[in-house]
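Structure first, then comments.
The values are calculated or read from the model by the stated rules, or taken from the named source; none is laboratory data. Quick caveat: nothing in here was measured; it's all calculated off a predicted structure. Cβ: placed from backbone, ideal geometry, glycine included. Neighbour counts: every protein chain shown.
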Amino acid sequence: MKQTTDFVKMKNNGEKIAMLTAYDFPAAKQAEKAGVDMILVGDSLGMVVLGYDSTIPVTMSDMIHHAKAVKRGAANTFIVVDMPFMSYHLSTKDTLINACQLIQETGAQAVKVEGGDEVIDQIEALTKAGIPVVAHLGLTPQSVAVLGGYKVQGKNAAAALKLLEDAKKCETAGAFAIVLECVPQQLAKEVTSALNIPTIGIGAGPHADGQVLVYHDVLTYGVDRVPKFVKRYLNSEEMMEEGLRAYVKEVKGGLFPEAQHSFNMKEEELLSLYG
Ligand code: KIV
Ligand code: NA
């Protein structure tokens with residue numbers, strides 16, 4: 001199992017960090033087998049596995065439920081769990097209680113919080129309490145209503161400078177990595193070289209120290225449209241639908257099950273069954 005310090009070493013060695021989300025046991029097993037360095041139990045689960053239209057409805061118990069399954073599937077991979085909407089905004093004390101619950105009940109290694117300046121105290125308190133923190137800057141989906149949609153962030157000089165300052169503050173507060181979502185590649189490059197901790201990009205171009213994508217986007221599984229920054233490595237949707245259609249067709253046609261799928265009774269048992 002990698003440690004937070006290993007990710008900093010990877011940055012220093014120029015070794016890219018491959019991160020992927022996972023929300024359940026089979027996906028976690030696949031991610032571990034595929035060799036991902038870090039699994040994110042993202043609150044994107046609200047959209048991709050629970051069918052909400054944002055991450056706002058996701059609760060602590062949703063996160064715990066899914067993170068437990070992920071841990072069972074990927075016992076040897078570093079797991080980061082998203083702190084869900086409003087679980088780290090009420091007070092530092094609430095933040096610590098919630099993060100403690102996420103870590104203790106699921107066995108995950110770290111938590112992720114969205115925001116820079118606004119959550120610096122929380123990042124510091126969590127780190128001081130021994131809970132590793134990943135920060136998340138740029139497009140922060142829990143604030144989508146305030147941001148006015150899922151848009152690229154930090155496009156003008158002022159916003160870019162603010163993000164760069166926020167990133168430095170996150171590092172100073174103790175974050176061991178920063179996710180940069182939907183920012184121009186030039187800004188991601190600047191932030192990456194300004195920090196000692198690794199940046200993990202999603203829609204942030206090739207210069208980040210690592211990349212993260214959503215499992216369902218990578219495999220085209222249950223997602224209708226994907227953002228520009230996603231590369232679809234496989235169309236599992238097509239393959240799965242084909243498999244399921246064949247199953248339904250064979251059941252309806254009486255073609256399934258066949259002899260090899262069926263159990264038999266011994267002759268003497270049969271005789272007494274029939275009387
Ligand atoms: O919830 C999530 O999947 C995330 C990633 C997109 C970084 O936060
Ligand atoms: Na998230």
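Name the pairs: first residue in the stretch 90-110 and at positive phi, second residue among the hydrophobic types (A, V, I, L, M, F, W, C) and surrounded by 21 or more Cβ atoms within 10 Å (Cβ to Cβ), Cβ to Cβ under 9 Å, at least 6 apart or on different chains?
107/67; 107/79
For residues that are part of a loop (DSSP other than H, G, I, E, B), in contact (Cβ under 8 Å) with a residue 60 or more places away in the chain and surrounded by fewer than 24 Cβ atoms within 10 Å (Cβ to Cβ), scanning just the stretch 30-54, find the one that is farthest from ligand 2 (Cβ to nearest atom).
If we filter the stretch 30-54 for residues that are part of a loop (DSSP other than H, G, I, E, B), which is where we start, we get 35-37, 42-44, 49-54.
With in contact (Cβ under 8 Å) with a residue 60 or more places away in the chain added as a condition, the list becomes 37, 42-44, 49, 54.
Within this subset, residues satisfying the condition of being surrounded by fewer than 24 Cβ atoms within 10 Å (Cβ to Cβ) are 37, 44, 49, 54.
On the way: 37: 18, 44: 5, 49: 13, 54: 11 Å.
Looking at residues that are part of a loop (DSSP other than H, G, I, E, B), in contact (Cβ under 8 Å) with a residue 60 or more places away in the chain and surrounded by fewer than 24 Cβ atoms within 10 Å (Cβ to Cβ), I get 37.
Going residue by residue through the stretch 170-182, is there one that turns out to be modelled with pLDDT under 95 and within 26 Å of residue 52 (Cα to Cα)? Walk me through it before giving the result.
Looking only at the stretch 170-182, we keep the residues that are modelled with pLDDT under 95, and these are none.
No: the stretch 170-182 contains no residue that is modelled with pLDDT under 95 and within 26 Å of residue 52 (Cα to Cα).
Given 99, 27, which one is surrounded by 18 or more Cβ atoms within 10 Å (Cβ to Cβ) and within 15 Å of ligand 1 (Cβ to nearest atom)? Lay out the reasoning, then the answer.
Working: 99 fails: within 15 Å of ligand 1 (Cβ to nearest atom).
The conditions single out 27.
When you scan the stretch 59-74, do you find a residue that is among the acidic types (Asp, Glu), over 22 Å from residue 199 (Cα atoms) and modelled with pLDDT of 95 or more, even just one?
Of the stretch 59-74, the ones among the acidic types (Asp, Glu) are 62.
Right, trim to over 22 Å from residue 199 (Cα atoms) and you get 62.
Of the ones still in play, those that are also modelled with pLDDT of 95 or more are 62.
Checked against the condition, which is being among the acidic types (Asp, Glu), over 22 Å from residue 199 (Cα atoms) and modelled with pLDDT of 95 or more, the stretch 59-74 yields at least one hit.
For the stretch 121-167, which residues satisfy the criterion of being touching an Asp or Glu at 6+ places or on another chain (Cβ under 7 Å), within 16 Å of ligand 1 (Cβ to nearest atom) and aliphatic (A, V, I, L, M)?
137, 139
Suppose we keep only residues that are β-branched (Val, Ile, Thr) and closer than 19 Å to residue 162 by Cβ within the stretch 180-212. Which one would you say is surrounded by the fewest Cβ atoms within 10 Å (Cβ to Cβ)? It would help to see each step written out before you state the result.
Restricting attention to the stretch 180-212, the residues satisfying the condition of being β-branched (Val, Ile, Thr) are 183, 191-192, 197, 199-200, 202, 212.
Okay, now just the ones that are also closer than 19 Å to residue 162 by Cβ, so 183, 191-192, 197, 199.
Numbers: 183: 27, 191: 27, 192: 23, 197: 21, 199: 27.
So, considering only residues that are β-branched (Val, Ile, Thr) and closer than 19 Å to residue 162 by Cβ, the one surrounded by the fewest Cβ atoms within 10 Å (Cβ to Cβ) is 197.
Which ones in the stretch 41-92 are within 15 Å of the chain's Cα centre (by Cα) and basic (Lys, Arg)?
Answer for the stretch 41-92, where residues must be within 15 Å of the chain's Cα centre (by Cα) and basic (Lys, Arg): 68, 71.
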